[in-house]
Structure formats: C-alpha cells, structure tokens
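Participant: Supplied in structure tokens, the structure appears directly below.
The values are calculated or read from the model by the stated rules, or taken from the named source; none is laboratory data. If you're wondering where the values come from, they're calculated on a predicted model, not measured in any experiment. Quick reminder, even Gly has a Cβ in these numbers, built from the backbone with ideal geometry, and neighbours come from all protein chains shown. Quick note on the areas: whole protein, heavy atoms, side chains included, nothing else; ligands and nucleic acids left out. Shrake-Rupley method; radii C 1.70, N 1.55, O 1.52, S 1.80 Å.
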Amino acid sequence: MAATTVTDSGGVRIITEVIPATDPRAAQLASSSRPSAPALSFQARGFRRAQPKALGTIHIFTGIIHICFGIILMVAEHRTPSLPVASGVLFWLGFLLLISGSLLVESEKRDNILLVKTCCVVNVGVILSTLVATLIHTVAITNDIPSCKINLPYQLKAEWCFNAENKMLSNGLDSIFVIFCLLEFCVAVAALAFGYHAVKLHSYTRMVL
C-alpha cells in the first residue's frame, strides 16, 4: 500500500507518495527514469552517413596498389630510379592510405568520437600527401626518363630512348597515379567534412550540457 505525505511550504503544497516495489507503477517509473543514450552515439552515427566503411575500402585498395607498384618499379628501376620511385611516394602514401582506410572501417563498427577525431587528423595528412604526390607524378611526366638524360656533352642516348612508346608507357603509368591521387583526395575530403561536422556537433552538445 502506498504511503502519502502532504507538506505545505511557502504557499505550495507538496504531495509525496511512496510506492512499494511490488506495485506495477514502480516498474514504469524505473524505466522512465533511466538515462537516455549518450549524445556521443548520435554524433558517431552522424559520421556514418558518409559511409566510412566504403571510403576506407577505397583507401585500402588504392594503398595496396601504390605499394605493389612501388615494389615493382623499385626493382625495375634500381639503377636509374624515376622521381616517384626515388621520392618513395608510392610507399609512404600507400601506408598512409592503409592506416586511414583501417581507421575508417573501424569507425563503422564503433561509436567513438575519439576515433572520429583520429580519422580527421589522418585524412588531413592524406589530403596533403595526395597533393604532393600529384605534383611529383606531374613533374615526372614533364621530364625525360632518368636513364635517357644526357649528363656529358658527347654522351649518346641508348637506342631504346628514341622509342616513343617507352615514354608513353611511363607517362601513362604516372597519369594513372594522378587519377588515383585525385580519387584519394576526394575520399579524404568527404571523410574529413563529415568527421569535422560530427566533432563540432559533439563539442556543441557538451557545451550545452
């Protein structure tokens, strides 16, 4: 049986009712008094609208391509490496893409705003790296093949240097990497935009609370 007490304070009457645990109303009050889900999950779900798993898969796939071609070209051009091989852009950009892709895929599984912030930081690095890589591949397209450069006044070029197909093949490969860099740039910008929005919304929610 519920016990009721009435208290008058400053012209206000306060009625307090004590409900026993066996009363059905106690279960309803307990369920309604449970704290709602934290706002953190809401911000993380907002980041999921960018489909981070799909974006991460693109980064992982292109990162593997960069590393594989880096190994092949490093072996083929071990004597006179081209600018992309000498700079190592295929390796450090490839590993950075693997890290970024793994973080994006993981953010699809976990509601963690810290993970979203880490994705934003790494994708800023991806954006800057793709711009540098695009510049390197563009310079490689405009320059001659390293083994065909003449360093001495009377030095003769190798016979295969006069074959236009070799330069076309080299330029075609660098052009493909430029296209990959543009794709990676767009993916990183999309991930950064949604991640920044989620972090900003999280900061605003904490300020309001």
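Participant: Out of the helices (runs of 4 or more DSSP H) lying entirely within the stretch 45-157, which hold 1 or more residues that are out of contact with any helix residue (DSSP H, G or I) (no Cβ under 9 Å at 6 or more places or on another chain) and at pLDDT below 85?
Facilitator: none
Participant: Quick one: how many residues across the stretch 101-146 are under 19 Å from residue 168 (Cα atoms), surrounded by fewer than 16 Cβ atoms within 10 Å (Cβ to Cβ) and not β-branched (Val, Ile, Thr)?
Facilitator: 3
Participant: Another question about this same structure. Here is a check on your reading of the model: is residue 15 β-branched (Val, Ile, Thr) and either open to solvent by less than 60 Å² (accessible area, probe 1.4 Å) or modelled with pLDDT of 90 or more (or both)?
Facilitator: On the way: β-branched (Val, Ile, Thr): yes; either open to solvent by less than 60 Å² (accessible area, probe 1.4 Å) or modelled with pLDDT of 90 or more (or both): no.
Spelling it out, it is not the case that residue 15 is β-branched (Val, Ile, Thr) and either open to solvent by less than 60 Å² (accessible area, probe 1.4 Å) or modelled with pLDDT of 90 or more (or both).
Participant: Test residue 185 against the stated conditions and say whether it is at pLDDT 95 or above, open to solvent by 60 Å² or more (accessible area, probe 1.4 Å) and assigned to a helix (DSSP H, G or I).
Facilitator: Spelling it out, residue 185 is indeed at pLDDT 95 or above, open to solvent by 60 Å² or more (accessible area, probe 1.4 Å) and assigned to a helix (DSSP H, G or I).
Participant: Also, quick follow-up: Cβ-Cβ below 6 Å, separation at least six or inter-chain, first residue in the stretch 55-80 and within 14 Å of residue 100 (Cβ to Cβ) and touching a residue at least 12 places away in the same chain (Cβ under 8 Å), second of a type in the set (D, E, K, R) and surrounded by 20 or more Cβ atoms within 10 Å (Cβ to Cβ): which pairs?
Facilitator: Correct list of pairs: 62/184.
Participant: Next up: Determine whether the stretch 193-204 contains at least one residue that is open to solvent by 60 Å² or more (accessible area, probe 1.4 Å), hydroxyl-bearing (Ser, Thr, Tyr) and modelled with pLDDT under 80.
Facilitator: Within the stretch 193-204, one or more residues are open to solvent by 60 Å² or more (accessible area, probe 1.4 Å), hydroxyl-bearing (Ser, Thr, Tyr) and modelled with pLDDT under 80.
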